[in-house]
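Take a look at the structure set out below.
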Amino acid sequence: MSRAITFSEYGAPEVLRPAEVPLPEPGPGQVRIRVRAASVNPLDLKIRSGAMAGAFPVRFPMVPGLDAAGVVDAAGENAGAAVGDAVLGATVGGSYAAYALVQEPVAKPAALSWEVAASLVTVGRTAARVLGELGVRAGTTLLVHGAGGSVGILAVQLAAARGLTVVATAGEHDLERVTALGATAVRYGDGWPQRVRDAAPRKVDYVLDASGAGVLADSVALTGDSARVVTIADMSAAEHGVRFSAGTAPAAPAGRGGRAEDPLPELARTAAAGTLTLPVWRTYPLDEAAAAHADLEAHRNHGKTVLLP
């Protein structure tokens, strides 16, 4: 048996409770890890509350969690990692547990902390995927909404490293941090479109909305083309002719066929080298998962939230 957090009904954070669950067994391409860190993502909260019941059907009791990092304890056929290896990746069957299954494990560089390793998986793949969907190019201007959040923080850095000019909207408390990452930071709130125009040295070419703050209509107006705007957070996307990007698979750049290479190994290497930053706001013991959800739901966090089994 394995210690884990489960929930048996939709509801508030309090439905998350410690439990003993069967030890998972790895299948082909999978490894079982002794979890050292598990990331808490906003999607975890939506699944727990039932807000995503249509898109993510739940079989109770459920172990929540999408991402983890840890040491391989057992390996399935063609797993890509061996017992004793330190890895990170997306989990199958939940990550809020002492042991979890990882599909397509990625080697964890020794210099990368367990907390950041677990935190990189979903948000890193999401940021890279959306930039690929937009087909961003060096010498153009990208506007990032929600740049104070984890996807936004990574998107700003990845775009700046590719030679884009980045303008980013953020809350007052995040403006200095976003500026330090290579963007021209613009304060959220009434009048933001004009502040963006004033800040952008040329026309805005692309928009990544990670905020879900009702910015799509003005974003389309800024670019002049709804195809140049992608959101990961606003369910009204279709009303504006904007693409809603979901999932974790990397996307091929616009105009190219096939599936892009997984960005996670390179993200892990650059984070270990210190050239990519992903702030971790707070860590919690596994048994305090409900408190972690409550803090995230109240928007108290300024960075990633991580559970430590």
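Readers should treat all values here as calculations from the given coordinates under stated rules, not as data from a laboratory. Worth saying up front: this structure is predicted, and the values here are computed from it rather than measured. So basically every Cβ, Gly included, is an ideal-geometry build from the backbone, and we count neighbours across all protein chains shown.
General remarks:
- Calculated [θ] (222 nm, deg cm²/dmol) that DSSP helices of n ≥ 4 give over the chain, each run adding -39,500 (n - 2.57): -8000 deg cm²/dmol
- Across segment 27-34, coupling constants 3J(HN,Hα) worked out from phi with the 6.51/-1.76/1.60 Karplus curve, θ = phi - 60°, read x, x, x, 10, 10, 9, 10, 7 Hz, and Gly and Pro carry x.
- Entry note, the chain: relative contact order of 19 percent, from Cα contacts under 8 Å with a spacing of 6+ residues.
- For LEU286, net neighbour charge (Lys/Arg +1, Asp/Glu -1) across residues whose Cβ lies under 13 Å away: +1
- A cut-off of 5 Å between modelled amide H atoms, ignoring neighbours fewer than 5 places along the same chain, links LEU164 with GLY139.
- For the pair segment 25-61 and segment 75-140, the centres of their Cα atoms are 14 angstrom apart.
- Stretch gain in nm, segment LEU23-ALA161, where the contour uses 0.36 nm per residue and the Cα spacing is subtracted: 45.5 nm
- Summed residue charge, Cβ within 11 Å of LYS304's Cβ, Lys/Arg positive, Asp/Glu negative: -1
- Net charge in the neighbourhood of ALA69 (other residues with Cβ under 11 Å of its Cβ; Lys, Arg +1, Asp, Glu -1) is +1.
- Charge-dipole axis of segment 12-151 as Lys and Arg at +1 and Asp and Glu at -1 on Cβ define it, positive-most pick from THR126, VAL87, LEU143: LEU143
- Lysines with Cα under 27 Å of LYS46, excluding same-chain neighbours fewer than 8 positions away: LYS304
- As an equivalent ellipsoid, segment 28-123 spans semi-axes of 23, 15, 10 angstrom, where each value is the square root of five times an eigenvalue of the C-alpha gyration tensor, largest first.
- Segment ALA227-LEU308, length gained on full extension (0.36 nm per residue, minus Cα span): 25.1 nm
- Evaluating 6.51 cos²θ - 1.76 cosθ + 1.60 at θ = phi - 60° for every residue in segment 295-301, the Karplus couplings come out as 5, 5, 5, 8, 6, 7, 7 Hz, glycine and proline recorded as x.
- For segment 132-144, the Karplus equation 6.51 cos²θ - 1.76 cosθ + 1.60, evaluated at θ = phi - 60°, returns couplings of x, 5, 6, x, 4, 10, 4, x, 9, 10, 10, 9, 10 Hz by residue, with Gly and Pro reported as x.
- Contour excess over end-to-end distance, with Cα ends at GLU14 and ALA273 and 0.36 nm allotted per residue: 89.4 nm
- In this simple spin-label model, placing a label point 7 Å from the Cα along the Cα-to-Cβ direction at both ARG59 and ARG202 gives a separation of 5.3 nm.
- Efficiency of FRET between ARG187 and GLU297 - r from beta-carbon atoms, R0 25 angstrom, step 0.05: 0.55
- Taking amide H as placed 1.01 Å from N in the peptide plane, the amide H of VAL280 sits under 5 Å from that of LYS304, each at least 5 places away or on another chain.
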